[in-house]
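Working notes for the structure below.
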């Protein structure tokens with residue numbers, strides 16, 4: 001008997017019944033619902049922004065919120081679908097959330113260039129700024145932990161991409177909640193304390209993914 | 001004629017994939033006989049997949065076993081209505097890249113991963129054959145004793161003990177000769 005045949009026999013001995021992981025859609029729905037509940041809890045606990053009734057009909061607010069909601073959905077779905085080994089999936093699942101992220105960045109940068117707001121020290125003040133970044137992380141942490149366990153239960157084969165999109169989705173959850181919490185609409189503030197932390201931590205997440213999701 | 005053959009091959013691949021999917025579903029339910037049959041059927045397929053991508057033929061079986069272990073660990077992630085081959089080759093590729101990374105860390109950039117090769121638009125087989133030619137011509141330049149030790153150890157796969165017996169030398173002498181040969185090879189390859 002060759003070495004590999006003996007190896008197969010050893011594996012077969014260990015081959016008790018396993019419960020297949022739930023279909024991607026079921027896992028995604030479970031995650032997105034828990035993320036939605038946590039967004040609402042986060043807004044209620046920290047308290048909604050004072051100008052919410054004024055801003056809720058503004059084009060910029062609607063567009064940013066829509067893009068962030070799409071980013072949450074797409075990046076979460078991508079992270080979960082990448083956690084199942086399959087060579088037949090297309091690149092669209094990677095391209096779409098990346099385009100949405102770029103769209104969010106573009107809108108903020110566009111408004112920054114509009115000169116509609118005074119970009120000064122107050123916009124970049126680290127006091128409220130850091131509170132926003134901390135808020136994004138605090139609200140995103142539980143959906144992040146849920147996502148982590150859903151991915152660990154599977155077998156991701158592209159660890160960096162899974163790392164990037166899982167971190168991006170949990171941060172997008174936090175950033176979406178912040179839309180209803182932070183009452184500083186200055187694009188400089190949003191760019192420095194909302195967008196940059198999301199992008200930077202998601203990139204760091206791609207590095208961490210290689211360690212976190214290795215199996 | 002050619003298109004008929006291609007169609008036949010595609011049909012046969014689809015049939016195999018469907019059969020493996022059925023066996024995997026049974027294996028997920030704890031049917032060990034189906035699991036044994038599945039792994040035994042996958043083994044030659046994986047061996048041929050790995051052989052085309054790993055330069056050191058003595059490590060092919062190790063990599064095949066790593067992939068088999070990967071399939072075993074991840075068997076709960078096979079979703080019955082998805083194509084089995086896509087699932088299997090995704091894991092095989094992951095384990096192969098993992099093996100290459102470990103090898104690169106251990107030995108330096110001797111072997112490049114598929115991703116790196118793709119970036120530089122070089123096919124794996126072209127790279128491997130050119131690397132093999134370089135190494136073989138470098139080995140040919142070594143002094144006779146060193147050449148014999150390296151050939152027996154690395155190309156023919158003999159153990160140090162067997163080489164020591166063959167050359168009528170001690171095992172430590174063989175190791176020292178091999179070490180000197182590697183240094184000399186490095187210099188030759190760097191120059192070329």
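A few points about this structure:
- Which numbered condition residue B:43 misses (of (1) under 26 Å from residue A:83 (Cβ atoms); (2) within 10 Å of chain A (Cβ to nearest Cβ); (3) surrounded by 17 or more Cβ atoms within 10 Å (Cβ to Cβ)): (1)
- Taking the criterion of being in a loop (DSSP other than H, G, I, E, B), in contact (Cβ under 8 Å) with a residue 40 or more places away in the chain and closer than 27 Å to residue A:184 by Cα, the residues of the stretch A:49-101 that qualify are A:49, A:50, A:51.
- Residues considered: B:52, B:7. Of these, the only one that is away from chain A (no Cβ under 11 Å) and closer than 29 Å to residue A:162 by Cβ is B:52.
- Hits in the stretch B:61-89 (condition: more than 7 Å from every other protein chain (Cβ to nearest Cβ), under 26 Å from residue B:15 (Cβ atoms) and without any contact (Cβ under 8 Å) to a residue 40 or more places away in the chain): B:67, B:70, B:71, B:81
- Test: residue in the stretch A:168-184 that is within 30 Å of residue B:95 (Cα to Cα), in contact with a helix residue (DSSP H, G or I) (Cβ under 8 Å, 6 or more places away or on another chain) and surrounded by fewer than 19 Cβ atoms within 10 Å (Cβ to Cβ): no
- Residue A:82 being surrounded by 15 or more Cβ atoms within 10 Å (Cβ to Cβ) and over 24 Å from residue A:135 (Cα atoms): yes
- Number of residues in the stretch B:131-176 that are under 27 Å from the mean Cα position of the chain (by Cα) and in a helix (DSSP H, G or I): the value is 26.
- The stretch A:77-92, residues that are at pLDDT 90 or above and within 14 Å of chain B (Cβ to nearest Cβ): A:80, A:81, A:82, A:83, A:84, A:85
- Among the residues of the stretch A:149-159, those that are buried (at least 17 other Cβ atoms within 10 Å of the Cβ) and either away from chain B (no Cβ under 14 Å) or assigned to a helix (DSSP H, G or I) (or both) comprise A:150, A:151, A:159.
- Any hit, the stretch B:148-167, residues being facing chain A (nearest Cβ under 9 Å), closer than 27 Å to residue A:4 by Cβ and at pLDDT 80 or above: no
- Looking across the stretch A:23-39 at every residue that is over 12 Å from residue A:147 (Cα atoms), surrounded by 14 or more Cβ atoms within 10 Å (Cβ to Cβ) and at pLDDT 90 or above, the one that is farthest from the other protein chains (Cβ to nearest Cβ) is identified as A:39.
The values are calculated or read from the model by the stated rules, or taken from the named source; none is laboratory data. On a predicted model such as this, the values are computed, not experimentally measured, just so you know. Don't worry about glycine lacking a Cβ; one is built from the backbone with ideal geometry, like all the others, and counts go over all protein chains shown.
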